[in-house]
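Everything below concerns the one structure shown next.
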Amino acid sequence: MNGQQSMFDEQLYDYLFVIEPDAATTEVVKGLKQLLHDRIVLSWQNLNSKPHLSLFEFRNVETAEEGIIRKTAEALKSIQPFTVQLDGAETFLHGNTLRSLVLKLKEPKPVSALQSAIRRELHLRQQKLTPHVTIAGKIPVKNFNLLESAEEFDYRGGFVCAAVTILKRPADGSKGFVVVHREVLT
């Protein structure tokens, strides 16, 4: 077995659960990505990744997809839309070699509760979440240190979380993520 197939020879997929910002916030984050790229040159992936707030990712077989969607709907049935308030830029450290520039949340509890509800319904172990919207991730320190200040990336604004989007890609990374389902909060 090559690690990308299940013990029953089924293709494995990475499922990524995200909250997508509204169009206005998406445009602001894209502008911040471009501004950062103008300052320190970002990878193609960082510059072109769609702005989102990651909840979690896990691996499963495609035959489980219908159950994943059904259980996600069940987990979210009592969660109403809520405002996600972005509260300025923050730097995440990844050891001594990498940095990420993100927009932190003023109040992360509703996002953490949403993530926890889905993971509980899917029978996944709970995990700590630091909700954020990534401007650019895993930037080599030597490049990141060229940035004189992060002040110009200190965006404050908000958007309504009205849905959770489920994406998937082959576990071997041979293709990018595609949308599987969008569960609307009511």
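Some observations on this one:
- For the chain, with +1 on Lys and Arg beta carbons and -1 on Asp and Glu, the positive-most of Gly95, Leu146, Gln115 along the dipole: Gly95
- In terms of overall dimensions, the C-alpha atoms belonging to the range 19-93 reach 45, 30, 26 Å along their principal axes, ordered largest to smallest.
- Relative contact order of the range 136-186: 29 percent, from C-alpha pairs under 8 Å at least 6 residues apart in sequence.
- Here Lys50 is the anchor, and the lysines within straight C-alpha reach of less than 22 Å, apart from those fewer than 8 places off in the same chain, are Lys30, Lys33, Lys104, Lys106, Lys138, Lys168, Lys175.
- Within the shell of other residues whose beta carbon sits under 15 angstrom from the beta carbon of Pro51, the net charge comes to +1, with Lys and Arg scored +1 and Asp and Glu -1.
- Partners for Lys128 among aspartates and glutamates (Cα-Cα distance below 14 Å; same-chain residues under 8 apart left out): Glu57
- Rounded to the nearest 10 degrees, the inclination of helix 109-121 to the longest alpha-carbon principal axis of the chain is 20 degrees.
- Label-to-label distance, nm, for residues given as Ser78 and Arg59 (7 Å Cα→Cβ offset): 3.4
- For Leu47 and Gln85, a Förster radius of 30 Å and the Cβ-Cβ distance give a FRET efficiency of 0.70, rounded to the nearest 0.05.
- Among the listed values (1) 1.39; (2) 1.08; (3) 2.03, the one matching Cα Rg over 2.2 N^0.38 Å as calculated from this structure is (2).
The numbers here are math on the coordinates, done by the rules we state, and not lab data. This structure is a prediction, so every number in the text was calculated from the model and none was measured. All Cβ positions, even for glycine, are placed from backbone atoms using ideal geometry, and neighbour counts span all protein chains on display.
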